[in-house]
Structure formats: C-alpha cells, structure tokens
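Colleague: Following this message is one structure expressed as structure tokens.
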Amino acid sequence: MRTTERGHGVNDRTETLEFQAEARQLLQLMVHSIYSNKDVFLRELISNASDALDKLRLASMVDKDLDVDTGDLHIALDVDRDARTLTVRDNGIGMTRDEVVSVIGTIAKSGTAELLRQLRESKDAGASQDLIGQFGVGFYAAFMVAEKVELVTRRAGESGGTRWESDGGGTYTVEALDDAPQGTAVTLHLKPVDTEDNLHDYTAEWTVREIVKRYSDFIAHPIRTTVERPGTDDAPATTETVTLNSMKALWARPRSEVEPAEYHEFYKHVGHDWADPLETIHMRGEGTFEYDALLFIPSHAPLDLFAAQGRRGVQLYVKRVFIMDDCDALMPNYLRFVKGVVDAHDLSLNISREILQQDRQIRAVRRRLVKKVLATVKDLKAGQPERYRTFWTEFGAAVKEGLVDDTDNRDTLLEILSVASTNDPEEQTDLAGYVSRMKDGQTDIYYATGEHRATIENSPHMEAFRAKGYEVLLLTDPVDEVWVERVGSYDGRELRSVAKGQVDLDTEEERTEAEAERERQRTEYAALLDWMGGVLTESVKEVRLSSRLTTSPACVVGDAQDLTPTLEKMYRAMGHEVPKVKRTLELNPGHPLVSGLRKAHEQGDSETSLAETAELLYGTALLAEGGDLADPSRFARILADRLARTL
C-alpha cells in the first residue's frame, strides 16, 4: 500500500510518498542491474516522450477547445557535462499530479507478482529483459544509470505543474508547481562511468547519437540536441541544434530497403517489448482503399494476454498521423497479441472508434490483415516447425478462440491447429495428421477434455479407446470445450467426445460374437439398473451397462448434445443461468464391485447400505473424471464408515 507524509519537503506543498510494494521490488531489481545492456534506458524514455506527443496531437483533434500549439512537437535531449545530467524533454500531453503518482508510484497492472517471481528466478540477462518487456515498465530503466531522477510535468490545458523526484529507494517526493512548461522533462543525475558494468558516458555527444540512431531513428517526431562546435583562431565557439533521427516511417518504405535490425527496434517501440519479434509482416494494400501495414508476431505472450482489460496491439495512423492505440477494429480479439501499425491513406483525421466499427473499408482492411497473419502462421507451420511450435505454445490458446467466432477463417484456423493426442506423449498433432492415422472403418475423430493431460489419460472414459488402440485428442484449454462443440466436424468427420453418448468400438464380427453375452447381462442387471436409477434419480437421468469400460467399475457420460460439466461452470461463472444437466451412470458388468452389488441386491441386503454403496460408486466415477462432488462431506463420511468396518 502507499502511505503519505506531509511536511517532508521544500514547502507544505511537497509530499513524501512510499512506492507501492511491487514497484519498490521492481525498482530494486532495476537499480541492481538485472541485465547488462543499460543503453536501452534512453530508448524507453524517448518512446514514452513520443507517445506523449502522439497523445497531444490526438487530444487537440478531439477537443477543439484545448488551447495547445502542435506546430513543433519534438523531443529534446539536454546534456550538462559539468553537472553530469541528461534530460529527456517533450512538449506533449504531460501529466497531472494524480497521473504522476498513479503511473510512476504504483504498478496498476495484472500479473505483478508473477513478473517479480520470474525476474527473481531468472539467472539469464536476456530472459530478464524479455520479462521486463512483457510488463512495459520502461521508465524504471532510468534507475540503471541514474543516482537520482527528477521529473517535471504539466498537463496540456492545466495551469500548474508537478515535480517528482526519487533516488530509487523506498520513497519519492511530489511537489506542486505554480508554473512549468507543457509536457514532461525527465532529468537523470547520472552515475559515474563504469565500463566494466557497461555504464557509458551518457553526456558524450557521440554516445547519445549512437543510441538514438540504433534504437529510435524511426521515431516520427524530431529528436533534437544542442552540440558545441569548438572555436578556431578566426571564429569563436558556437552551439548548434541538430536533429538526431531520420524520422522515416518504416511502414512507408519498401521492404527491400529496411534492415531486420530496424524492424526489430521498431517492434520494441510499438510493442513495448525488449525481445525481438518472432515474425515480421510488411504489406501494402492498393486499389479503392490504400494502406500500409507493418505487423509483428511477438516471440512470447504478454502477461495480460487473457486479462479482460489487456492491451491490444495495433496502432492506427492516417497519412502518418497517429490516431489511436489499441485499435480493436483492425484485428479480432483472438489475434490481440499482434503488434504493429496500420497507416490508412483515405480516412478522416478525426475518425472515432464508433465510426471505425461501422466503416466498410476498415472492415475490408481487417479481413486482409487477418488472412495475412494466418497465412504467415501457416507458412511457419509448413516451413519452420520450430518457430511455429514457439508460436503455438505462446498463443495457441488465444488463437483457438477464433474457431468459435471467426467462421470466415475457420478452415484456415483448423489447418494451423495443434493439439496433444494419445499418439505421442511429447509431440502435438494437427487434425490432418490424426485423420491420416485413423483405423480402417473409423468414421469419427475422438477427443477428450479436462484440466490436465494426466487426468484425461487416466479417465475411465479412455479405457475402451486405449484397449482398442484408437487415438484420442487430449484438449486441456478452457476454450476447447467451446470450439469443438461449435466446429462439430473436420474433413467430413464428426468430432466426438469420448465422454458422450454410447460407445461401441467392436467390429461387426466382434459385435455378433458378443451379442449373446450382452443380452444375458442386460437380463441379469435389469433389476439393479432400475433400482439404482431410482436411488440416484436426483443426480443421474439413467443407469445402464457400459461398453467403454474395461477396468473401472463405473463412469458418468452425457448425451451427444448435452453441455459438459465444465461448460456449465463456465456459463454460470459468466452470469448465465443454465439448467443443471443430468448425465448417465454407466456400470462395468465385469467389475467385481458391480457384480457384487448385483448379488447383494438380489439377496435383499439392507436398502440403506446398498444405497450408500450406489452413492459411493457414483461419487468415485465423478472423481475419476476430475469432476466435483455435490456433497463432499457426506461422501467422505460414508467412505470413512465403510473403511472402519473393514478393520
């Protein structure tokens, strides 16, 4: 939590505050140099400044009453060699006092604890950089090179400003200012040069030039600095303001003229990442609606991939003017991890999200972008299986959401789908591979769902399939429960759950040979099945003999069109009222427990004792498939009583 102390500053308008606990831990990791390439601090500060300039330009278009000058939006790097300070200054949107405290004093994002745990456990510098990039906390990188950081800012349209200051310890100060330039200035009081620790002289002109050229050359706003020109015998020393970056929009340049390193640095800017992307997609749309697009598939999933308020990745520009971040009209939710820029040539500069959702041309662009991304993944699968495997491991669970919503691209999504199966304990399979291995006479594609592979493989539902050598797809992501129901079939073959409906894997010859035995069992067990159906009427719709069990005494199965228990829980968690689905209890007539129960029932044993045995049989069947007991305490009590009688 954050605490406040008054009176510990220059005047009574200064407050000393504590960093949020998670922010304090992250700062300590930064200060103690969890990675070696400290130069990237400048890239992060310039990237933040560029975002602030984009936001000001957008705000000036949205709010016509906002009195700001957007004629010379720029970033300035001011160096004081004597004081050993470096200031990154912008004349962008700026921040209010509350925004300063919220953005810098706390980390209000999901996954904080997980990030810190991974950072502490990571021994590899590159891995640490990747983790920091997932979280997007670039401002904190300043403390790798600075003993103290000062920030002065004023929000556009506000009269007063705010000064923030910290040495990277547990506290920081916030002071109200009567006057401050519009925008934000971050001043770093630099640590001494230490070449062994990769701390360079960031007051040297050539060092600053090289870092800007390497990391920020593509920034759309000028990055300026003032340099001194030494005097001569004939002329005095002079100062000159120079622009350090080319400001060339990468997406507008031909791909042949862009180096891979330039793409990678641009991705790190728009993706707020520290790792190189897995794949780069550079495309141009021509015809009735022209646009340029530069998209990236990351090499790792962000921590907020499945968070409700997670960031979307595509920015919209119009004629190279930034319009909006996280443009959800350009990319479907299941591809929310794709980062990049789309620059439309023919849209209005003041277009809104509502208009975008309804714009026919934007929808056409979205269709093309989605097809290109999926085609790129398909090419990876065909030609670069290791890179595809990385993609599917990181993003497969999100991509499968498209099988539910995106009917236009469902066939392509089914082609790039990979799932685990009983065919191989390590390697996943695609549906085409499954079909190629189907047994003679097999007409359906069998699958099983559950939380973990081991739980599914040990489920009673799998016994007959294992005994007969049938391959079963093992689906463990929550979305699997939904998409298999929605898709229904592949290549003319039905997707069929091993836990639903009747299962009979015998050949016609085996079925004929076993018919007499099955008829005898149906006759012998008829009374028991009727009685158990009555005893368990609150829990099951029917009790019948099973053809899918070989070693377990019982299992619970649903009808072909029933909701699964997992889907029931998912819908209820989302606030939907769904009727409870009763399933069928199947008994294995060859199991000693079931045959013993039949004999005890025939002999007229205690109804109470037999009813409790029936409850235990049903409960163990639920537990064996990973299900939940309606009354765990009653089940435990009955089981304990039975065990006590055996001692």
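Colleague: Just for segment 569-589: of the residues that are in contact (Cβ under 8 Å) with a residue 24 or more places away in the chain and not in a helix (DSSP H, G or I), which one is most open to solvent (accessible area, probe 1.4 Å)?
Modeller: Initial filter on segment 569-589 (in contact (Cβ under 8 Å) with a residue 24 or more places away in the chain): 570, 582-589.
Remaining after also requiring not in a helix (DSSP H, G or I): 582-589.
Values: 582: 76, 583: 28, 584: 2, 585: 0, 586: 1, 587: 0, 588: 12, 589: 21 Å².
Among them, the one singled out is 582.
Colleague: With respect to residue 540, is the statement that it is open to solvent by less than 50 Å² (accessible area, probe 1.4 Å) and touching a Leu at 6+ places or on another chain (Cβ under 6 Å) true? Please lay out each step first, then the result.
Modeller: Details: open to solvent by less than 50 Å² (accessible area, probe 1.4 Å): yes; touching a Leu at 6+ places or on another chain (Cβ under 6 Å): yes.
Yes; evaluated as a whole, the condition is true for this residue.
Colleague: Right, something else. Among the residues of segment 546-560, how many are touching a helix residue (DSSP H, G or I) at 6+ places or on another chain (Cβ under 9 Å) and surrounded by fewer than 19 Cβ atoms within 10 Å (Cβ to Cβ)? Steps first, answer last, please.
Modeller: So in segment 546-560, the residues touching a helix residue (DSSP H, G or I) at 6+ places or on another chain (Cβ under 9 Å) come out as 546-558.
Next cut, surrounded by fewer than 19 Cβ atoms within 10 Å (Cβ to Cβ) only: 547, 550-551, 558.
Residues flagged as touching a helix residue (DSSP H, G or I) at 6+ places or on another chain (Cβ under 9 Å) and surrounded by fewer than 19 Cβ atoms within 10 Å (Cβ to Cβ) within segment 546-560 amount to 4.
Colleague: Same structure, new question: Mind checking which residues of segment 196-211 are modelled with pLDDT of 90 or more and of a type outside the set (Gly, Ala, Ser)?
Modeller: Across segment 196-211, the qualifying residues are 200, 201, 202, 203, 205, 206, 207, 208, 209, 210, 211.
Colleague: Of the residues 73, 42, 86, 77, only one is part of a helix (DSSP H, G or I), open to solvent by less than 30 Å² (accessible area, probe 1.4 Å) and modelled with pLDDT of 90 or more; which? Step through it out loud before you land on a result.
Modeller: Numbers: 73 fails: part of a helix (DSSP H, G or I); 86 fails: part of a helix (DSSP H, G or I); 77 fails: part of a helix (DSSP H, G or I).
Sole residue among the options that is part of a helix (DSSP H, G or I), open to solvent by less than 30 Å² (accessible area, probe 1.4 Å) and modelled with pLDDT of 90 or more: 42.
Colleague: Across segment 483-507, which residue is nearest to residue 589 (Cα to Cα) among those that are among the β-branched types (Val, Ile, Thr) and open to solvent by less than 30 Å² (accessible area, probe 1.4 Å)? Before the answer, list the steps.
Modeller: Of the residues in segment 483-507, the ones among the β-branched types (Val, Ile, Thr) are 484, 487, 498, 503, 507.
Imposing the further condition that a residue be open to solvent by less than 30 Å² (accessible area, probe 1.4 Å) reduces the set to 484, 487, 498, 503.
Details: 484: 31, 487: 35, 498: 19, 503: 15 Å.
Top of the filtered list is 503.
Colleague: Considering only segment 377-430, state which residues are β-branched (Val, Ile, Thr) and under 13 Å from residue 278 (Cβ atoms). So that I can check it myself, show each step before the final result.
Modeller: In the first step, residues of segment 377-430 are kept if they are β-branched (Val, Ile, Thr); the result is 377, 390, 393, 399, 404, 407, 412, 416, 419, 422, 429.
Residues satisfying the conditions are 377, 390, 393.
Colleague: Would you pick out the residues in segment 125-149 that are open to solvent by 10 Å² or more (accessible area, probe 1.4 Å) and either on the phi > 0 side of the Ramachandran plot or at pLDDT 90 or above (or both)?
Modeller: Scanning segment 125-149 gives 136, 147, 148.
Colleague: Residue 298 fails exactly one of the following numbered conditions: (1) surrounded by fewer than 17 Cβ atoms within 10 Å (Cβ to Cβ); (2) within 22 Å of residue 376 (Cβ to Cβ); (3) touching a residue at least 60 places away in the same chain (Cβ under 8 Å). What is the number of that condition?
Modeller: (1)
Colleague: Here's another thing I want to ask about it. Which of the residues that make up segment 276-291 are open to solvent by 10 Å² or more (accessible area, probe 1.4 Å) and either part of a strand (DSSP E or B) or hydroxyl-bearing (Ser, Thr, Tyr) (or both)?
Modeller: 279, 280, 282, 283, 284, 288
Colleague: Scan 208, 152, 186 and give me the residue that is buried (at least 21 other Cβ atoms within 10 Å of the Cβ), closer than 30 Å to residue 251 by Cα and out of contact with any helix residue (DSSP H, G or I) (no Cβ under 7 Å at 6 or more places or on another chain).
Modeller: Details: 152 fails: closer than 30 Å to residue 251 by Cα; 186 fails: out of contact with any helix residue (DSSP H, G or I) (no Cβ under 7 Å at 6 or more places or on another chain).
Exactly one residue qualifies, and that residue is 208.
Colleague: Also, quick follow-up: Can you name every residue in segment 221-242 that is under 18 Å from residue 204 (Cβ atoms), assigned to a strand (DSSP E or B) and without any contact (Cβ under 8 Å) to a residue 24 or more places away in the chain?
Modeller: Our first condition is that a residue be under 18 Å from residue 204 (Cβ atoms); within segment 221-242, this holds for 223-230, 237, 239-242.
After this cut, where a residue has to be assigned to a strand (DSSP E or B) as well, the list is 223-229, 239-242.
Within segment 221-242, 227, 228, 229, 239, 240, 241, 242 qualify.
Colleague: Quick one: which of 214, 120 is more than 30 Å from residue 228 (Cβ to Cβ), at pLDDT below 90 and either among the small types (Gly, Ala, Ser) or surrounded by fewer than 20 Cβ atoms within 10 Å (Cβ to Cβ) (or both)? Spell out the reasoning first.
Modeller: On the way: 214 fails: more than 30 Å from residue 228 (Cβ to Cβ).
The conditions single out 120.
Colleague: Which of the residues spanning segment 54-89 are of a type in the set (Gly, Ala, Ser) and more than 23 Å from residue 150 (Cα to Cα)?
Modeller: Here is the first cut: in segment 54-89, the residues of a type in the set (Gly, Ala, Ser) are 59-60, 71, 76, 83.
Across segment 54-89, the qualifying residues are 59, 60, 71.
Colleague: Here's something else I'd like to know. Given the condition free of Cβ contacts under 8 Å to residues at least 60 places away in the same chain and of a type in the set (Ser, Thr, Tyr), answer yes or no: does some residue in segment 491-510 qualify?
Modeller: No.
Matching residues to (1) buried (at least 20 other Cβ atoms within 10 Å of the Cβ); (2) at pLDDT 95 or above; (3) within 18 Å of residue 221 (Cα to Cα); (4) over 17 Å from the mean Cα position of the chain (by Cα):
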residue	(1), (2), (3), (4)
246	no, no, yes, yes
253	no, no, yes, yes
257	no, no, no, yes
261	no, no, no, yes
267	yes, no, yes, yes
274	yes, no, no, no
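Colleague: Does residue 516 satisfy being farther than 19 Å from residue 616 by Cβ, exposed (fewer than 11 other Cβ atoms within 10 Å of the Cβ) and not polar (S, T, N, Q)?
Modeller: Values: farther than 19 Å from residue 616 by Cβ: yes; exposed (fewer than 11 other Cβ atoms within 10 Å of the Cβ): yes; not polar (S, T, N, Q): yes.
So residue 516 passes the test.
Colleague: If I ask for residues that are out of contact with any His (no Cβ under 9 Å at 6 or more places or on another chain) and assigned to a strand (DSSP E or B), which ones from segment 444-461 would you list?
Modeller: To start, the set of residues in segment 444-461 that are out of contact with any His (no Cβ under 9 Å at 6 or more places or on another chain) comprises 444-447, 449-461.
Within segment 444-461, 445, 446, 447, 449 qualify.
Colleague: Among the residues in segment 169-181, are any open to solvent by less than 60 Å² (accessible area, probe 1.4 Å), charged (D, E, K, R), under 24 Å from residue 99 (Cα atoms) and in contact with a strand residue (DSSP E or B) (Cβ under 8 Å, 6 or more places away or on another chain)? Break it down stepwise before answering.
Modeller: Of the residues in segment 169-181, the ones open to solvent by less than 60 Å² (accessible area, probe 1.4 Å) are 169-170, 172-177, 180.
Right, trim to charged (D, E, K, R) and you get 175.
Then keep just the ones that are under 24 Å from residue 99 (Cα atoms); that gives 175.
The next check asks that each one be in contact with a strand residue (DSSP E or B) (Cβ under 8 Å, 6 or more places away or on another chain); those that pass are 175.
Checked segment 169-181: at least one residue is open to solvent by less than 60 Å² (accessible area, probe 1.4 Å), charged (D, E, K, R), under 24 Å from residue 99 (Cα atoms) and in contact with a strand residue (DSSP E or B) (Cβ under 8 Å, 6 or more places away or on another chain).
Colleague: Sticking with this structure for a sec: Among the residues of segment 517-565, what is the count of those that are of a type in the set (Val, Ile, Thr) and in contact with a Pro (Cβ under 6 Å, 6 or more places away or on another chain)? Explain how you work it out, then say what you get.
Modeller: Within segment 517-565, the first condition is being of a type in the set (Val, Ile, Thr), and the residues that meet it are 523, 535, 537, 540, 543, 550-551, 556-557, 564.
Add one more test, that the residue is in contact with a Pro (Cβ under 6 Å, 6 or more places away or on another chain), and what stays is none.
The total comes to 0.
Colleague: Could you please find all residues in segment 276-291 being among the charged types (D, E, K, R) and within 26 Å of the chain's Cα centre (by Cα)?
Modeller: Filtering segment 276-291 for residues among the charged types (D, E, K, R) gives 276, 279, 284, 286, 290.
Residues satisfying the conditions are 276, 279.
Colleague: Which of the residues that make up segment 217-230 are over 29 Å from the mean Cα position of the chain (by Cα) and either of a type in the set (S, T, N, Q) or open to solvent by 40 Å² or more (accessible area, probe 1.4 Å) (or both)?
Modeller: So the first thing to find is which residues in segment 217-230 are over 29 Å from the mean Cα position of the chain (by Cα), and the list is 217, 221-230.
Hits for segment 217-230 are 224, 225, 226, 228, 229, 230.
Colleague: Then there is this: Which condition from (1) under 20 Å from residue 396 (Cβ atoms); (2) of a type outside the set (A, V, I, L, M); (3) loosely packed, with under 15 Cβ neighbours inside 10 Å; (4) out of contact with any helix residue (DSSP H, G or I) (no Cβ under 9 Å at 6 or more places or on another chain) is the one that residue 510 breaks?
Modeller: Result: residue 510 passes all but (1).
Colleague: Here is a follow-up. The conditions are (1) within 23 Å of residue 394 (Cα to Cα); (2) surrounded by fewer than 16 Cβ atoms within 10 Å (Cβ to Cβ), and residue 466 fails exactly one of them. Which is it?
Modeller: Status for residue 466: all satisfied but (1).
Colleague: Another question, if that's okay. Those residues that are part of a loop (DSSP other than H, G, I, E, B) and of a type in the set (A, V, I, L, M), I need them from segment 425-443; list them, please.
Modeller: Filtering segment 425-443 down to residues part of a loop (DSSP other than H, G, I, E, B) leaves 430, 437-443.
Passing the criteria: only 438.
Colleague: Continuing with the same structure: Can you report the number of residues in segment 591-617 which are assigned to a helix (DSSP H, G or I), within 24 Å of residue 458 (Cβ to Cβ) and open to solvent by 40 Å² or more (accessible area, probe 1.4 Å)?
Modeller: Number satisfying all stated conditions: 3.
Colleague: State the number of residues belonging to segment 551-561 that are assigned to a loop (DSSP other than H, G, I, E, B), of a type outside the set (Val, Ile, Thr) and under 21 Å from residue 617 (Cβ atoms).
Modeller: 3
The values are calculated or read from the model by the stated rules, or taken from the named source; none is laboratory data. On a predicted model such as this, the values are computed, not experimentally measured, just so you know. Note that each Cβ is placed from the backbone with ideal geometry, even for glycine, and that neighbours are counted across all protein chains shown. In case anyone asks, the SASA skips ligands and DNA or RNA and just uses the protein heavy atoms, side chains included. Shrake-Rupley method; radii C 1.70, N 1.55, O 1.52, S 1.80 Å.
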